[in-house]
1. For residues in region B:194-225 being touching a residue at least 24 places away in the same chain (Cβ under 8 Å), among the aromatic types (Phe, Trp, Tyr) and more than 10 Å from every other protein chain (Cβ to nearest Cβ), which is nearest to B:PRO242 (Cα to Cα)?
2. Only one of A:VAL343, A:VAL314 is β-branched (Val, Ile, Thr), more than 22 Å from A:ALA466 (Cβ to Cβ) and in contact with a Gly (Cβ under 9 Å, 6 or more places away or on another chain). Can you tell me which?
3. So which of A:LEU520, A:LEU529, A:LEU548, A:LEU540 ends up being crowded, with 16+ Cβ neighbours inside 10 Å, touching a His at 6+ places or on another chain (Cβ under 6 Å) and in contact (Cβ under 8 Å) with a residue 12 or more places away in the chain?
4. Could you tell me whether B:GLU307 is assigned to a helix (DSSP H, G or I), within 12 Å of another protein chain (Cβ to nearest Cβ) and either surrounded by fewer than 14 Cβ atoms within 10 Å (Cβ to Cβ) or acidic (Asp, Glu) (or both)?
5. Please specify each residue of region A:320-349 satisfying the condition of being more than 13 Å from chain B (Cβ to nearest Cβ), over 23 Å from A:GLY94 (Cα atoms) and either under 18 Å from the mean Cα position of the chain (by Cα) or at pLDDT below 95 (or both).
6. Name every residue in region A:483-517 that is under 20 Å from the mean Cα position of the chain (by Cα), in a strand (DSSP E or B) and surrounded by 22 or more Cβ atoms within 10 Å (Cβ to Cβ), in order of residue number.
7. Please go through region B:243-254 and give me each residue that is farther than 13 Å from B:THR216 by Cα and surrounded by fewer than 24 Cβ atoms within 10 Å (Cβ to Cβ), ordered by number.
Amino acid sequence: MSVGNQPASQHSLGWPLLVVGTLLVLGLGAVAYWAATRRSGDAAPDPFDPLSTGQQVPDGPPWFRDKTSASGIEFIHVNGQEAGHYAILESLGGGVAMIDYDGDGLLDLFFTGGGTFDGPNIRGRPCKLYKNLGNWQFRDVTAEVGLDKIDFYSHGVAVVDYDRDGRPDLLVTGYGQVALFRNDAGKRFIDVTTKAGLLEKSWSSSAGFADLTGSGFPDLYICNYVDWSFKNHPVCRGKGPQAERDICSPQQFKPLIHALYRNNRDGTFRDVTREQKLRDDGCGLGVVMADFTGDRRPGIYVANDAAFNHFYLVRSGGKLEEKALLAGVAGDETGHYNGSMGVDVADYDGSGRASIFVANFQDELHALYRNLGQEHFAYQSKTAGLGALSRQFVTFGTSFIDVDNDGWEDLIMVSGHVLYKPVGSPVKQVPVIMRNIPFQGRRFFRDYAKRGGPFFSIPDMGRGLAVGDLDNDGWPDVVVCNTNSPAILLRNEAAQGNPARWLGVKLVGKENRDVVGSTLTLKTDTGTLTRFTKGGGSYLSASDQRILFGLGTSAKVGRLSVKWSWSDTEQHFDNLEAGSYWELREGEPAAKRSP
Amino acid sequence: MLKLRDKPMRLLLALVAAALFLVIGMLVYELVLDESGLRHYDLGGQAFEIYDYETASRHLDKYLSFHPQDTAARLLAAQTSRRLDDLEEAERHLKLAEKYGGAAREFETERQLATIQAGDLRDIDRWRRFCEEQPDGPAFVNAILAILEGSYRTRNLVVVEWAVELWLKRRTGKIDRAQGLIFRGRARLPAEDSSQAMEDFRRAVELAPDYHGARTWLVSALLLYEPKEAPPHLDWLRRHRPKDRLVKFLTARYHRSVGEPELAAILLDEALAAMPDGLNKVPMIIERAKIAMDLDRLQEAERWLNEAKSLAPSHRDVNATFAACLVRQPSRLEEARRYQEKIRELDAAMVDSGHK
C-alpha cells in the first residue's frame, strides 16, 4: 500500500471536511456553553426535596374519654357576660381543685363559681364541691360541708394544710377578697378568713402555698391582677376603625402588687408583701412554687399578663430575691415580655432539674425555660417543638402530665380568648396535648391532638385545668373549668393496649409539715425519673398533690429517693411495688401502701 | 454520488460553513455582551420593575463591575439598595455616581427619599403632595415606596393607610395590586393584627401566584403565627428562587421554628457566606446566633453576636440576644445586665420618639 498512489480527489476532500468539522465542534461547544451559562440561576435543585411537616402521629385508641355527662357534675363557671358591661373582670374565668377533703382516698372536686352583675353591683355565683363517690360518680356536697356561703366573684382555688392538722384546707381567690376555709375533720369547712388575717381587698387570681422559711408551715403567695373597678371602667374597642366595644386590655389599668402572707404557725397569717419587697409591676395570673435550684427550698415563679414574669428565690433568713431577668425566665427570646397566664414545672428533659413552662397570649410563643442549673435557664420553645404550634391560642390552664406513663412528662393546655370579638383567633379554642418524644438527641413536644380523643377537637372557653388520678388507677385524669360552658371530666384511658406500668407516691412531712420544694428521684431500668412537689401551678387551679411515676416498660422499680424540703436528709425507699400508691412519711423508713 | 469537486457539494459545504460562522458569531456576540454585563443591565432593570430587588441587585452588581462609571446604572443600583433597605450601600452608589459626574438633582432626590425611608418624616408632606399630583409619573413608585418604608419604621399608620389607598387606586396591574395588598398586610402586622395581615398576603398570592414577593411575605407571616402552613409556599419559593438569600433565611427560620436548628444552621451559614457585610445581614446573623444558642453553643453564638454588634451596635435584637446569651453563663451576669440596661434605653427612646 502506498500513499502516493491514492487518488487526488480523495486526498483533497480532507481540508474542507476538517474546516466544517472544526466549525461544527466549535459550534456545538459554543451552544453547550451558552446553554450552560443561561441555565436559569433560579432553577429548582434536582432532585427537589420538599419540606417535611413532621412525623405522623401513630394511630391508636384515644387517650381521654369525656366522662362528664353521667358523672353527676353539672357545673358552669359564669362570668356575667350577659350584662354587657365588657368588664375585664369577665376575662379571667375560674378554676378547679382536686382535694380529698374527707380522706376517703378519692379526689373530690371543687369549682369556683365566678359571678354576675346587678347593675354596677358585682355578685358572686356559688362555688361547688363534688364528692367523689367512686366509679366516676360525684355528688354535690357544697351545702352540707358549708361551702355554700361564698358570695364574692370567685376565680381561683388553692389546696393546703395550712394548720398542719393532716386535712387539706381550701383558699378561694377572687374580686375584692379571698376566703380561707379550714377543713374540720373532713366533714365541714369553716370560713377562717378574718381570723387568719387574710384581709385582702385586692383582685386576686391564682395562689399557691409553700413553706418559704423552713418553719414547716406553708406561706401564701397571691397573684393580684389590675386596678379595675366600675369607677375605673373605660370603654374599650377591638382593633380596626369600626371595631365594636370589647373587653379592655390589662394595659389600660395599673397592675396590683401581689401579696405574700407569712404563716404565723398559730392559724394566722401576716402580710409581708412590703417587707419582702415584692415587685409591683406584674398583672399576676399564674404562680408555681417548687425547688428550682436544688437547694431544697421552694422558689416562686409568677406568670404576669403584659409584664415580665417574676422569679423569686429564697435566700438566707427567708429573704426573697427576684431575678427573673438575670435567670433568663422573664420573657421571650426577643427580650420582650409576654401575656402569661398558666404555668407549670417539670423535669421534661431528664436533667433532674425543674424546667418552667408558661402559657402565653395570642400571637406569642409559649415559653419553655430549660433549667441549666446554677439559677440559669435557656429559652427552648422552638428547639423543643413548641414553635410548630399555631399562635392563635390564648392559653390558660396547663400542666405537665405523663399521659401514657412512659416516664416522660407531656403537656396539656386549654385555651379561649379574653375578647368577645377577637380578630384572627376564635373566642372558643381547641385544647392542645403535646407528647414528649425523643427527636434528634433531645426531648421534643409534638402535637398529639389526634390521639387525645374528641375533647381535643372541640373549641371552648378553657380556663382552669387540674390533673390528677380521680379513679386511682395510676393514669392521670384531667378536669377543665370552662367559662360559661360546662366543666369537663376526662378519664385517662391510655392504658388500653399500653403495657406501661406506674408507681404512685404521697409524701407526708414530719408532723404534717409542708413539703412543697421536695424532690423525688426514682431509678428504673432505663434511667432516673425526677418529680417535684409543687405549690400552685396551672391556672386558678389545684392538681393532685400525689406524685405519679410512669415506668414505661421498665421491668424493675429501683430505689426511690426523697430529698425533703428544708432538710439535709435524703430518704431512700427500696422494693416499692409498681401499680400502687405508697405513702412515704418523713423520717419513717417503711413505706405504707395507700388504699 | 456527489463528490467534493462537484459544484453542488462545494456550495453545500460553503453554506454549512457560513451558517456555522453565523451561529458562532452570534454566540460570541452574546457572550461578549454577557461578560461585559450589558445583558445584566437589562435584566436588572426588568427585575427592579417587578419589585424583585434581590435579583435586580445581583444583575446590576455584575453590570457595574464592567461599567463602574455608568451613573444611570449607579442611580438604579442605589434605588435598588434602598428598596432592599440597605441605605449604606445606596449611599455608596450615590457617592460613586457623583464622582463619575451624574445628574446631581437626581441624586439629591434619591437622598431625600432615603432620609424619609430611614424614618425622618419631616419632609413627608411635600412628598405626599408630589405623589398625589403625579400619581402616574415615573417617580411616583420611587417616592411612595420610600414613604411607606419610613412610615412602617416609625409606625405612622395614618401615612401608611394613605399611601396604600393611593397605591391601590393607581396601580392596577396584577403584581401591582398584589404589592398593594402586601403593603397593607405589612401595616397590619405591627398593629398586632396578624390574621388580617395574613389574609392580605394570602390574597396577594391568589392574585399573583407567580409573584415571589407575595409568597415571601406570606411565608414570613406564617412563620410567625402559623408555621405549619408555611411549607407549600416555602417550597414554591425554594423551587423558583433557590439562590435567593431571603428564601434561604426563611427556610432556616422554618426549620428552627419546628425544632430543627441543625438544618437551619447549615442553610444560614450558606446564605451568610455569600452575603457582603451590611445592615441587611444583621437579622440573619442574629438568627444564626439564636440557633447556636438553641444548640447550647454559646461561644459560637457570641462570635455571631459580636459580628452583628459591629454592624449595628444599637439594634435592639442584637442587644436582647446578647443579654439572653450572657444570662446563661453564670460568670457573665454583669455584662448581661449592661445589655439589659441598653435594651431599656432603646425601648425608652422608642417610646419617646413615638410620643413625639
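1. B:TYR211
2. A:VAL314
3. A:LEU540 is the lone residue from the list that is crowded, with 16+ Cβ neighbours inside 10 Å, touching a His at 6+ places or on another chain (Cβ under 6 Å) and in contact (Cβ under 8 Å) with a residue 12 or more places away in the chain.
4. No.
5. Hits for region A:320-349 are A:ALA346, A:ASP347, A:TYR348.
6. Once the filter is applied, which keeps residues that are under 20 Å from the mean Cα position of the chain (by Cα), in a strand (DSSP E or B) and surrounded by 22 or more Cβ atoms within 10 Å (Cβ to Cβ), region A:483-517 yields A:THR483, A:ILE488, A:LEU489, A:LEU490, A:ASN492.
7. Within region B:243-254, just B:LYS243 meets the criteria.
The rows are residues; the columns are (1) aromatic (Phe, Trp, Tyr); (2) over 20 Å from A:ARG442 (Cα atoms); (3) touching a strand residue (DSSP E or B) at 6+ places or on another chain (Cβ under 7 Å).
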| residue | (1), (2), (3) |
| --- | --- |
| A:GLY317 | no, yes, no |
| A:THR334 | no, yes, no |
| A:GLY373 | no, no, no |
| A:LEU386 | no, no, yes |
| A:GLY407 | no, no, yes |
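The values are calculated or read from the model by the stated rules, or taken from the named source; none is laboratory data. Keep in mind the model is a prediction, meaning the values are calculated, not measured. Reconstructed Cβ throughout: ideal geometry from the backbone, glycine too, with neighbour counts over all protein chains shown.
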